[in-house]
Amino acid sequence: MNKLYEENKALQERSLDEANDIAVRSEMKYILKGQIPDEYMLDYNKTFVKQSDKIYKKLISELKKLMSGHYNPSVTQLSNWL
């Protein structure tokens, strides 16, 4: 209970933009864990750079589509978060 209180207090102390950024990243992680089709999944045995074509042509557009109900992140934001 004390840990939850401290986390909530820390979030309240951050600016609105920071809190929104955290929420969007959390949403993206949730989507990556279960809602992305296999063809868009990242291969964690390969580096990010080696998968850049797949990421920019498929994954980012799919993430934008899935997140559009709540958030509207830019391609740059999604790239940075990945």
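Listed values, structure above:
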| quantity | calculated |
| --- | --- |
| Check on Glu62, touching a His at 6+ places or on another chain (Cβ under 7 Å) and either in contact (Cβ under 8 Å) with a residue 24 or more places away in the chain or closer than 19 Å to Asp17 by Cβ (or both) | no |
| Subset of the stretch 32-80 (residues that are surrounded by 15 or more Cβ atoms within 10 Å (Cβ to Cβ), of a type in the set (A, V, I, L, M, F, W, C) and assigned to a helix (DSSP H, G or I)) | Leu32, Ile55, Leu59, Ile60, Leu63, Leu66, Met67, Leu78 |
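Taken together, the values in this text are just the output of simple stated rules run on the coordinates, not laboratory data. Source: prediction; values computed, not measured. Virtual Cβ from ideal backbone geometry, glycine too; neighbours counted across all protein chains shown.
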